[in-house]
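What follows is calculated from the coordinates using simple rules that are stated; it is not laboratory data. Every value quoted in this text rests on a predicted model; they were computed, and no experiment measured them. Methodologically, a virtual Cβ is constructed for each residue, glycine included, from the backbone with ideal geometry; neighbour enumeration extends over all protein chains shown.
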Amino acid sequence: MTVFDDLVGQDQAVAVLSRAAAAAGEVVAGGRGAGMTHAWLFTGPPGAGREQAARAFAAALMCPDGGCGHCDHCHQVLIGSHPDLESVRPEGLSYSVKQTRELILRAAGAPTQGRWRVILFEDADRATESAANALLKAIEEPPPRTVWLLCAPAPDDLMITIRSRCRQVTLTTPGTEAVARMLASRDGVPWETATFAARAAQGHISRARALALDAAARQRREAVLGIPRSLTGVGECVSAAERLVKTAEEEAAAATAALNESETAELRKIYGEGSTGKGLNRGLVRGGAGALKELEDRQKSRATRIKRDSLDAALLELVSFYRDVLAMQFGASVELANDDLRFDLDQLAKKSSPEETLRRIDAIMQCRERLAANVNPQIAVEAMMLALRG
Ligand SMILES: [Zn+2]
């Protein structure tokens, strides 16, 4: 077993990364290590496993055996506690220049374990322009033992000056069967459930795992995909919009609550509140209040982002439904993402035209754009539901 085993359906990327890890090992041993690169860009569709691939590569760099998957180094990298791995992800909607500068300072340190210092930058596309400029400087002149791993959906999402300095690793959408096999072998999911989840998730691995293992996720999917047949009148459209927005909010609230709580407790501990009580001097208390305010602001913007992401995921699910309808209307022999809802798909395919289906898909895509542009979710989703009813 190696750290690359979990990268489903990414043989080509794995080959490149394994060779690079071997070259990196030569450098550590004092050799030339031809082929070693200090900046990498991992791209690929959502859910293909960009971060996972970057993390596996980080483990392969830290591990004396090139990523054996079971030593302390591998283990620490995979759970995110390795002292030489700096893993960052923007918590809000973007990554600021201040955060980036702090990161660059930390990146400049020598590796404590003698191999590499690795900075894993998730969602590098969310860096603001000035943050990206700061990042560019750091990548242009990397310290000899620092490796940057940037992740983004597509190369175009980063400034050309940054991506031209990175070696690119392109991940592809893994096939249904590869994902199903992974769910069956690693998570022990029964084959039928595994294929259902893999198909419904359309190559999105963590989504497939959630659908296979979490009954609540399956219920939410059913609720979303039940929307098209529920849109019988204007009132139904309005309440469907309300439900969809509320579900996304609940999902986001659950995801953020636990995170927020532990962060706040941690900060209170640092500033002594609750542990040393009145022994604090005034300056510290003031600093503590400021830091707490800053943390709350960050948490708020992270909650906004998670809310937006989960609503967007629901909209993409609706798109997959209408894409299936369109495939049936054209009699295309493609795999249906929502094969379990064949009856609903068939009904809609028969009583509407392909033009109508395309118009509906358009309405959903337009809604996504409006949400990205900060339109009030209830208003944007309501307009979409009315267009879906047609
Ligand atoms: Zn190892």
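A few remarks follow.
- Straight-distance crosslink candidates among lysines, where the alpha carbon sits under 20 Å from K246 and sequence neighbours closer than 8 are dropped: K300, K307
- Between the range 336-385 and the range 188-224, the Cα center-to-center distance that results, in Å: 21 Å
- Dividing the summed helix terms, -39500 (n - 2.57) for each DSSP H run of n ≥ 4, by the number of residues in the chain produces a 222 nm estimate of -20000 deg cm²/dmol to the nearest 500.
- Overall form of the range 55-176 per C-alpha gyration tensor (a/c, 1.5; a/b vs b/c): oblate
- The range 22-105: relative contact order in percent, alpha carbon pairs under 8 Å with at least 6 residues between: 16 percent
- Approximate spin-label separation S353-R165, in nm, with each point projected 7 Å along Cα-to-Cβ: 5.5 nm
- Cα long-axis angle, helix 129-140 against the chain (0 to 90 degrees, to the nearest 10): 50 degrees
- Based on C-alpha pairs under 8 angstrom that are at least 6 apart in sequence, the range 177-279 has a relative contact order of 13 percent.
- Coarse-grained scattering of the chain at q = 0.07, 0.10, 0.12, 0.14 Å⁻¹, given as base-10 log I(q)/I(0) from a Debye sum over alpha-carbon atoms: -0.39, -0.79, -1.08, -1.31
- Rounded tilt (10° steps) of 11-28 against the dominant C-alpha axis of the chain: 10 degrees
- Normalised contact order of the chain, rounded percent, pairs of Cα under 8 Å and 6 or more residues apart: 16 percent
- With Cα atoms, 0 to 90° folded angle of helix 97-107 axis to the chain main axis: 50 degrees
- Shape of the range 1-128, Cα gyration tensor, a/c cut at 1.5: oblate
- Fraction in percent of alpha-carbon pairs per bin - 5 Å, the range 137-249: 2, 10, 14, 11, 10, 12, 13, 12, 9, 4, 2, 1, 0
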